[in-house]
1. Suppose we filter A:Phe219, A:Phe225, A:Phe270, A:Phe249 for residues that are aromatic (Phe, Trp, Tyr) and surrounded by fewer than 16 Cβ atoms within 10 Å (Cβ to Cβ); which single one remains?
2. Tell me yes or no: at least one residue of the range B:159-178 is within 14 Å of chain A (Cβ to nearest Cβ) and either surrounded by 22 or more Cβ atoms within 10 Å (Cβ to Cβ) or on the phi < 0 side of the Ramachandran plot (or both).
3. Of everything in the range B:67-87, what is under 11 Å from B:Phe217 (Cβ atoms), of a type in the set (S, T, N, Q) and surrounded by fewer than 16 Cβ atoms within 10 Å (Cβ to Cβ)? Give them in sequence order.
4. Going through the range B:89-109 one residue at a time, which ones are under 13 Å from B:Glu69 (Cα atoms), touching a residue at least 24 places away in the same chain (Cβ under 8 Å) and under 15 Å from the mean Cα position of the chain (by Cα)?
5. When the residues of the range B:100-132 are filtered to those that are touching a Lys or Arg at 6+ places or on another chain (Cβ under 9 Å) and of a type in the set (A, V, I, L, M), which remaining residue is surrounded by the most Cβ atoms within 10 Å (Cβ to Cβ)?
Amino acid sequence: MKRISTFLPSLLLSVVLTLVILGGSLLVVSDINITGGKAVEIVRENNVGDKIYSELEKHWKSRYYTTGVPAEVYLDAVSPEWLEELAEDGIYQGFGMLDGTNLSSEISVTIPSILNAYGLKRNQELEDSISGFFSSYADENGIEKDEAYEDSVNRAISSAFNVINSNVDVYKFTALKEHGVIKKAAKAYGLLFKGMLAAGAAALVLVLLLMLVNRKSVFTVLYWFGISCIVSGVLGAAPCVYLLASDYFSSFSIKQAQIYTAYTASMSSFTAAFMATMIAVTVVGIAMVILYGVIWSIKKQKDKAAPLPEEKVN
Amino acid sequence: MSKKKGKNYAFLHIATPFVLLLLCAAVIIFVSVKPADKLKVYVNLAFMDGLKTDMDDTGLVIRDNEIIEEYTGETSDTGEVIRPQFGELFGMISSDKLSTDVPVYWGSTSELLEHGACQFFGSAIPGTSGNAVVSAHVDTYFADLEKLSEGDIVSFKTNYGEFTYTVSEQISFRSSENKYVKPTEDDRLTLYTCKRDILGASDERIGVICTLTESRFYTTAGEGEE
């Protein structure tokens with residue numbers, strides 16, 4: 001009965017400890033990996049600028065038949081490097097909204113003035129290219145350059161930036177912001193660090209409680225803490241192994257190549273980082289259980305040599 | 001006797017991690033059902049947004065206006081509404097029970113439904129008397145509609161005022177029935193979506209009827225924060 005009185009509380013505490021270790025590890029990995037810097041690193045590694053350029057090329061070429069504006073008018077004025085720079089800036093702005101450093105809570109490169117407002121490099125070349133095309137067209141066709149003409153030029157420039165805006169926002173921060181998701185995610189994002197501290201404190205309290213429950217053989221805590229680490233490691237690493245081994249993220253059907261790349265690469269990177277962490281946690285757990293086994297056999301040997309009142313395991 | 005006890009200890013030591021694994025797996029599965037569902041909605045919302053302001057091949061022009069989030073100026077119980085054009089984003093529905101704020105477009109087409117909720121253009125625009133009927137897809141904007149229950153507060157913000165409703169009734173009807181989308185004498189907001197059906201499109205519609213409890217028309221221009 002005494003064994004049950006220590007076993008059951010220890011088991012229950014271990015369940016909570018396992019979940020705390022799992023949750024704490026997730027928070028640590030999230031805090032390290034879900035950052036603007038990391039996202040930008042992924043964008044650079046995967047040449048997202050080239051992908052954005054290809055998407056824009058496809059878009060403007062397909063629009064030629066309805067707008068009459070050749071794709072080159074736009075494409076000659078934008079470069080993959082500039083597009084990547086915009087994407088990176090959008091990422092920093094997006095993460096700024098999450099961590100509260102970007103109080104403007106707006107991501108947009110829709111119109112040139114907004115580009116200036118955020119200190120982005122204004123693409124005068126693109127504006128000149130579009131204006132130049134319209135001007136030549138008007139001259140060739142004897143169209144008066146009146147207010148309506150100016151409106152058309154401005155609309156075309158605005159539309160071009162709008163298309164670029166939609167394509168450079170590789171993590172879809174604008175869409176998430178529009179639907180109020182960023183506001184909610186920011187709350188959770190702000191709690192990451194506090195969550196980590198809370199998880200650490202909770203783990204410490206649980207270990208102390210385990211020591212209290214197993215006070216007659218304190219070294220048993222090594223076993224309970226060890227198996228908690230092993231179980232949380234297995235629970236965390238197993239889905240990651242499946243996701244990575246089955247190349248799960250590659251099966252996503254996101255039409256825009258740059259968004260597909262940014263999301264799938266980020267998810268794979270996060271999964272790999274989490275898996276590595278959980279494997280490390282498992283190894284720590286195994287080491288603890290082995291240490292417990294060693295101490296237990298030494299103790300058993302001693303007990304055999306000098307018989308004591310029956311040992312209470314657990 | 002001692003050997004048997006030793007075997008029991010060994011078995012206990014080996015079996016315990018498996019018991020722990022099962023218990024923890026059960027807890028994780030139980031607690032992750034809801035977040036996984038929410039994540040699915042967010043992913044759907046993010047990836048359904050394309051080049052919103054583009055004119056599509058059908059000639060529909062979708063206008064995404066900024067809706068005033070916080071209005072700090074004076075308000076009045078009565079006022080003038082700003083009637084939107086077909087395909088124009090003119091309002092934002094929010095409630096504590098809804099995971100996301102829902103953009104509302106004037107008019108209803110399959111393309112508009114990919115951008116947000118749609119208000120049937122034959123229904124009463126908030127701020128005027130009658131039945132304002134709004135629908136959206138169940139896998140995106142109205143994923144949480146079934147969570148609304150009697151007494152919940154629903155806010156409908158527009159650029160001319162904010163209208164607060166209280167859920168008064170949960171409804172369910174066949175798509176061919178039109179009793180809930182008809183004009184009414186009272187001022188109400190009817191929200192509906194398809195009932196979830198794993199086999200495909202459902203013929204059944206579910207939703208809520210909300211009764212108008214407060215109208216605040218904006219009286220000072222330029223006092224809002226978008």
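The values are calculated or read from the model by the stated rules, or taken from the named source; none is laboratory data. The structure displayed is predicted, hence computed values, not measured ones. Every residue, glycine among them, receives a Cβ derived from its backbone with ideal geometry; neighbour counts consider all protein chains shown.
1. Working: A:Phe225 fails: surrounded by fewer than 16 Cβ atoms within 10 Å (Cβ to Cβ); A:Phe270 fails: surrounded by fewer than 16 Cβ atoms within 10 Å (Cβ to Cβ); A:Phe249 fails: surrounded by fewer than 16 Cβ atoms within 10 Å (Cβ to Cβ).
Checking each option against the conditions leaves just A:Phe219.
2. Taking the range B:159-178 as the starting set, the residues that turn out to be within 14 Å of chain A (Cβ to nearest Cβ) are none.
No, the range B:159-178 has no match at all.
3. Going residue by residue through the range B:67-87, those that are under 11 Å from B:Phe217 (Cβ atoms) are B:71, B:73-82.
Still in the list and also of a type in the set (S, T, N, Q): B:75-76, B:78.
Of everything in the range B:67-87, those that are under 11 Å from B:Phe217 (Cβ atoms), of a type in the set (S, T, N, Q) and surrounded by fewer than 16 Cβ atoms within 10 Å (Cβ to Cβ) turn out to be B:Ser76, B:Thr78.
4. Kept after step one, since they are under 13 Å from B:Glu69 (Cα atoms), are these residues of the range B:89-109: B:90-94, B:101-103.
Now drop any that are not touching a residue at least 24 places away in the same chain (Cβ under 8 Å), which leaves B:90-94, B:102-103.
Hits for the range B:89-109 are B:Gly91, B:Met92, B:Ile93, B:Ser94, B:Val102, B:Pro103.
5. Ranking the qualifying residues of the range B:100-132, first place goes to B:Ala132.
Residues are listed down the side, and each one gets a yes or a no for (1) away from every other protein chain (no Cβ under 14 Å); (2) surrounded by fewer than 17 Cβ atoms within 10 Å (Cβ to Cβ):
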site	(1), (2)
A:Asn33	yes, no
A:Val43	yes, no
A:Asn47	yes, yes
A:Glu55	no, no
A:Lys58	no, yes
A:Ser62	no, yes
A:Pro70	yes, yes
A:Ala77	yes, no
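Residue by residue, here is whether (1) within 23 Å of the chain's Cα centre (by Cα); (2) assigned by TED's automatic domain parsing to the domain that holds A:Ile259 holds:
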position: A:Asp139; (1), (2): no, no
position: A:Glu147; (1), (2): no, no
position: A:Ser152; (1), (2): no, no
position: A:Ala160; (1), (2): no, no
position: A:Val170; (1), (2): yes, no
position: A:Ala175; (1), (2): yes, no
position: A:Lys194; (1), (2): yes, yes
